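Just so you know, all these numbers are worked out from the coordinates, no wet-lab data involved. None of the values given here were measured: they were computed from a predicted structure. Because the Cβ atoms are built from the backbone with ideal geometry, glycine has one as well, and the counts that use them run over all protein chains shown.
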Protein chains: 2
Amino acid sequence: MPRKTATATPPKVAAKKAASRTAVPKKAAAKKAPADSGTKSERTRQRVLDAAAHVLSVKGYAGMRLSDVAEEAELQAPAIYYYFKSREDLIEEVMYSGIAAMRQHLVEVLDAAPDGIDPLERILLAVDAHLRHELEISDYTTASIRNAGQLPDAINKRQQAETKKYGEIWRDLFTRASADGAIRTDLDPYLAQMLVMGALNWAAEWWSPRRGSLDTVVETAQSIVRNGLAPA
Amino acid sequence: MPRKTATATPPKVAAKKAASRTAVPKKAAAKKAPADSGTKSERTRQRVLDAAAHVLSVKGYAGMRLSDVAEEAELQAPAIYYYFKSREDLIEEVMYSGIAAMRQHLVEVLDAAPDGIDPLERILLAVDAHLRHELEISDYTTASIRNAGQLPDAINKRQQAETKKYGEIWRDLFTRASADGAIRTDLDPYLAQMLVMGALNWAAEWWSPRRGSLDTVVETAQSIVRNGLAPA
DNA sequence: CATGGAATTTAATTTATGTTAAACTCGCCC
DNA sequence: GGGCGAGTTTAACATAAATTAAATTCCATG
């Protein structure tokens, strides 16, 4: 039961030769890609992307076969080339949109937080956002997380940049909290950040709804992080 | 600069047809496989295994090519078949010995701990052991950790069993600590365990000696875990 | 120093899978 | 209702590995 999510990047379809065919029907692309709908073409493309994200999150970068993706998207493998220039391109897009969506989500959550909130509380908000997005919402995120380390540098550029940005948000959270005295001074903020993020990232490896409610996981993680970081 | 470690399983070489050739010279296998030495054959086998562990830890299960392994072990790919029945067999052994060695290490460390030590302190010992073994000692462990989720079930049996055993040691640590009141009662021991182990496992993804000393990482992790779990 | 088996190599085979090329289908517009 | 192009399929191709076979080197022992 594949999860999906991660609104596709703009139309910009057509990969073929020298863009001789148009691929995007004149209809003009819907500006907001409302959930699922859009042109038939857009929906198919999305299905391929979703399938790729799912396969990728399960079998990993090198293990993802186009035939698997095709099967899950319910079309034939060569059809994929109508939408993507190559296997690597497809993967690239999944990986990129994975963290991109994650970052967007985190930014939204943080922006919605009341002003003057305690810096440590902001970290806990991030814990909530990260965990929920990873476990509940998106195969894309799982794919990004699990395969980041195994990608050939070629595909990596865009994702790496995005990952860096994402990490910087977290870094900010930690350095501020540290500066404000909301985090124990014996803790290196960078190491603390990486350890916390690790605990969250790894959750994709073991958690499933059968392991208990996501709410409980989030609460437990928050509780450990709060107490783990806060001064006595 | 590949790390290795994980004393090979007994000789039991020869995979060929119906074990027509002996592969293990009459010399009789050294009982304890002292570090590196042993028959020339044994050493070569070990080199292949080490190379496989390294490649596996970097490129992942599906990404590991026999030619990569061969290159790193300084021989030709087909030579690998003199020692292993198949690529999968080779991988299986790396993955298995990865956690097996890890478990052995953890057991030793815990056994060496003074009696009556605080249950929470025992967890911190485990944190130290896990982290150091993962980051300092063994490509095998890294390979096991990073690829556990992507292995076809076929190869998985032995490793899975070992992983379970390893997890049980940790589970014991947590349930005891919890029962003893050394861990806050609002924490689900299982979830706490998984989150902590996640933070440690993930360290393989980001840590390198250039990221600061391993000692600091260990101390930081212990500090967060201690405060994260201990009652007020 | 010749011989036999251990260890390893080069050459050949097989198979899987990404990719391309060439049709084919089907709905829409004139 | 004929044609055209978007979308998709089937057939063909190319290549990269894994595996196997055959040939070769190495080395201990007689």
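Couple of notes before you dig in:
- Residue selected from segment A:58-71 under the condition surrounded by 17 or more Cβ atoms within 10 Å (Cβ to Cβ) and away from chain B (no Cβ under 14 Å), by the criterion nearest to residue A:154 (Cα to Cα): A:69
- Contact map, segment B:76-103: residues that are more than 14 Å from chain A (Cβ to nearest Cβ) and within 15 Å of DNA strand D (Cβ to nearest atom) paired with residues that are in a helix (DSSP H, G or I) and hydroxyl-bearing (Ser, Thr, Tyr), Cβ distance under 7 Å, separation 6+ or inter-chain. Pairs shown: B:77/B:67; B:94/B:140.
- Of all the residues in segment B:109-118, those that are part of a loop (DSSP other than H, G, I, E, B) and either within 9 Å of DNA strand D (Cβ to nearest atom) or free of Cβ contacts under 8 Å to residues at least 12 places away in the same chain (or both) number 4.
- Look at segment B:183-197: where a residue is over 16 Å from residue A:212 (Cβ atoms) and a partner is of a type in the set (S, T, N, Q), sitting 6+ places away or on another chain with Cβ atoms under 9 Å, you get B:184/A:223; B:184/A:227; B:184/B:178; B:185/B:178.
- If you go through segment B:198-232 and pick out every residue that is in contact (Cβ under 8 Å) with a residue 60 or more places away in the chain, at the interface with another protein chain (Cβ under 7 Å from one of its Cβ atoms) and among the polar types (S, T, N, Q), you end up with 1.
- Condition broken by residue A:145, with the remaining ones in (1) in contact (Cβ under 8 Å) with a residue 60 or more places away in the chain; (2) under 18 Å from the mean Cα position of the chain (by Cα) satisfied: (1)
- Verdict on residue A:195 being closer than 21 Å to residue A:142 by Cβ, surrounded by 23 or more Cβ atoms within 10 Å (Cβ to Cβ) and within 8 Å of another protein chain (Cβ to nearest Cβ): yes
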